[in-house]
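In what follows, a single structure is set out as structure tokens and then discussed.
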Amino acid sequence: MTTDPAPLPKQYWYQMTSMDLRSMALFRVALALALACTLVALMGATPLWFSDGGLMPRTDSIGLGGLAAHNLTLVTGKAWLLNLMLLTGLLAALTLLIGYRTRFSLTVATLVLLSFVTRQPLVSLPHEIGLAGLALWSLCLPLGLRWSLDATLGTTQASAVSDTRRGGLIGLGWSLQWLVLAGAALMSPLKGEAATLALAGALALVLGVLARMMIATVSSWRWLTPALTLLGAVLILVTQPAPTSLIVVAALAVMPWLPGALWTNLGRRHAKRPPVQIFYDGDCRFCHQSCRVLKDMLILPPGSRLGPAQDNPRAFALMKAQDSWVVIDDQGRASLHWLAGVTLVRHSAWLAPLGPVLALAPLRAAGDLLYRQVVRHRGLLASVFDALPPASKPTSMAALALTALTLMVAQGVSAVTQTPRLTGSPPGLAFSGFVTPAVPSINVQGEGQWVAAVERVPGQYRDALRGDQALDYRLTPTSGAYSGRRWQHYLAAAGEGERGLDLRRLATRLCSTGTRPARAVNLEWIVPADTGTTRTQRQRVFRYRCVDGVAQAQRQRLDSVPTDLQRDE
């Protein structure tokens with residue numbers, strides 16, 4: 001009897017495309033936290049960058065075309081309504097965190113973030129673009145099949161489903177992201193040490209994908225895949241240089257490739273912990289569901305049991321006497337009210353360190369008060385939870401494969417039609433060809449700088465972009481209130497003359513801010529006059545008079561006379 005060689009390619013395919021459901025559950029939690037933090041940060045940026053009263057109103061976005069001109073945020077220019085939209089996305093991110101209606105929650109949060117990222121791509125931060133692309137690709141991942149409300153209440157966690165039997169086009173799409181990033185690094189116009197780092201990063205990414213194909217899923221060497229992939233992404237990102245936040249996004253993207261051996265080892269350690277017994281009022285459906293959620297989400301030790309107190313005489317007597325649920329540990333000690341929850345936390349696989357903190361007297365008193373309120377209003381809470389949509393059922397693999405195929409085709413088209421570049425947000429990691437409109441790249445570390453000469457005292461001009469410092473026409477980055485990365489992108493885009501920017505709005509802001517009302521503002525774009533010296537020249541000058549805090553343009557002129565700032569030591 002001969003062995004059929006056909007299973008060997010099938011084995012390689014499975015090893016490259018499969019992902020552990022527990023790794024994807026961890027990735028879901030991390031992705032939800034990243035989305036929540038990003039949306040909260042955008043709330044603070046809304047008045048200045050996204051409202052009609054800020055520097056870049058809706059009319060500027062429409063002028064950019066692409067997704068910027070077809071965007072959910074264009075329905076309103078009021079800051080409070082835009083923040084309400086962000087709040088909706090934040091709530092979706094929190095429901096994604098606990099895995100309730102996972103794919104719908106991810107879709108809403110992604111749509112909100114994508115809308116804000118594409119609304120003003122000239123000032124969008126690299127990690128925002130990267131996170132939007134990462135969330136977009138995550139729509140084709142089964143993120144709610146482990147450690148989620150969908151898995152607990154929606155009965156989607158079938159015991160017959162293996163933790164690693166997910167892959168196909170979904171896993172192939174995830175591999176494609178890293179290969180596209182490697183290709184962009186190889187085709188980028190970098191020189192010297194940056195080119196060497198980019199080449200090393202591309203090689204590490206390719207080796208990471210190959211290692212995933214060649215190493216068996218049960219092997220301890222499987223750790224090479226996420227390690228090489230993250231190393232390669234970091235090496236490429238530092239050539240930009242990329243902010244730390246974008247490197248965090250790269251680390252998030254590696255999480256679905258965490259090997260099953262990690263969870264096997266953690267499971268063995270957790271199995272040694274003693275189990276607990278949880279008893280609830282069998283006549284209370286809300287109590288039953290709450291205890292089920294706690295048992296699964298806290299990841300209690302194997303052997304922990306859940307049942308109605310009516311089936312255990314001791315637990316039933318305690319429940320009737322104390323009007324409380326009952327948790328009994330392996331030593332036979334019974335806990336009630338808030339301390340019952342603390343006992344479960346102490347046995348949790350991931351929250352155990354919080355147990356002693358939650359048992360402190362002040363927290364215990366507050367917790368008992370909260371528990372009494374829940375018991376008093378459990379009928380109302382039950383009706384509220386019953387009114388919520390039921391937990392999600394598992395999405396068919398055909399639908400997930402179709403989603404992955406659509407994203408792969410769009411990724412391939414964008415890679416072919418757009419010039420490879422690593423400025424801002426790298427292709428592959430961020431799916432940036434799909435997220436951002438086709439506008440010229442912005443080089444934040446460009447050759448020119450803005451100087452804002454503001455006259456607050458007659459005859460005295462100070463540089464408002466650098467904290468009202470004395471005017472210094474050397475090429476130095478901005479500092480103070482205008483040193484944020486979004487400001488840097490805005491000023492760089494204005495220096496390159498990008499569409500969708502109006503310098504008069506910047507001048508009006510400078511007229512209306514400061515300890516004293518400004519009399520005039522001169523926006524000057526300076527560039528090097530000679531290589532290797534401190535000589536600069538004014539390439540563009542925009543002059544404004546401040547009238548009641550509003551900038552009124554004066555005659556513009558070009559002043560290219562070099563300014564020699566080289567001083568004798």
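What to note about this one:
- Within the chain, antiparallel bridges make up roughly 90 percent of the DSSP beta bridges whose residues both belong there.
- FRET efficiency, 1/(1 + (r/R0)^6) with R0 45 Å, evaluated for Thr107 and Asp468 via beta carbons: 0.45
- Protection proxy ranking of 237-246, 107-116 - average other beta-carbon atoms within 10 Å, highest first: 107-116, 237-246
- Peptides 311-319, 338-346 ordered by average Cβ neighbours within 10 Å, highest first: 338-346, 311-319
- Where only DSSP H runs of four or more residues are counted, the chain gives -16500 deg cm²/dmol as its mean residue ellipticity at 222 nm, each run worth -39500 (n - 2.57).
- Computed packing ranks the peptides 185-192, 213-220, 56-63 as 56-63, 185-192, 213-220, most packed first, by mean other Cβ atoms within 10 Å.
- Accessible surface of Trp487 - all protein chains present, 1.4 Å probe, nearest 10 Å²: 20
- Span-like helix check, the chain: qualifying full DSSP H segments, with Cα axial length of 27 Å or more and mean Kyte-Doolittle of 1.0 or more, are 21-49, 79-98, 192-214, 397-417.
- 26 Å Cα-Cα reach of Lys272 towards lysines, excluding residues that sit fewer than 8 places from it in its own chain: Lys295
- Cleavage-rule hits (trypsin sites (Lys or Arg not before Pro)) in the stretch 209-272: DSSP loop, at most 15 neighbouring Cβ within 10 angstrom: Lys272
- A simple spin-label model places the labels of Val547 and Met214 7.3 nm from each other, with each point 7 Å out along Cα-to-Cβ.
The values are calculated or read from the model by the stated rules, or taken from the named source; none is laboratory data. From a predicted model like this one, the values you see are computed outputs, not experimental measurements. With ideal geometry, Cβ positions are generated from the backbone for all residues, glycine too; neighbour counts draw on all protein chains shown. All accessible areas refer to the heavy atoms of the entire protein, side chains included, with ligands and DNA or RNA removed. Shrake-Rupley method; radii C 1.70, N 1.55, O 1.52, S 1.80 Å.
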